[in-house]
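The values are calculated or read from the model by the stated rules, or taken from the named source; none is laboratory data. Quick caveat, the model's predicted, so the values are computed rather than measured. Please note: Cβ atoms are built from the backbone with ideal geometry, for glycine as well, and neighbour counts cover all protein chains shown.
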């Protein structure tokens, strides 16, 4: 098995087990380019809001932000910067109205995306 085949097999495993994968430290440790590759695929078997929540969790981890506490202004800015290159993979059109309202209230979406949602 060559490196490309191994990578393809790894991605297939991740897609088939995505709901479990996003709960692991391996997900949090992903480099941005690998996360982008995964999110670019249309066969992820969970809804977009769950994918969005996993991106926020990943972004907080990468920004060294406590997962449980409310974010201050600086932490929100850091999180927005961290997720700005992966958030465009989210299909916000698949969100419910309530989900959209909730995330807009939290003010964690980078401005270039939140303006499109309003």
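Here are some notes:
- Among the residues of segment 11-28, those identified as surrounded by 12 or more Cβ atoms within 10 Å (Cβ to Cβ) and farther than 30 Å from residue 97 by Cα are 11, 12.
- Those residues of segment 39-70 which are surrounded by 18 or more Cβ atoms within 10 Å (Cβ to Cβ) and at pLDDT below 90, in sequence order: 44
- Close contacts from segment 1-25, counting a first residue that is under 11 Å from residue 46 (Cα atoms) and a second that is exposed (fewer than 12 other Cβ atoms within 10 Å of the Cβ), with Cβ to Cβ under 7 Å and a gap of 6+ residues or different chains, come to 15/43; 18/45.
- Summed over segment 93-105, residues that are closer than 20 Å to residue 60 by Cα and in contact with a helix residue (DSSP H, G or I) (Cβ under 8 Å, 6 or more places away or on another chain) total 4.
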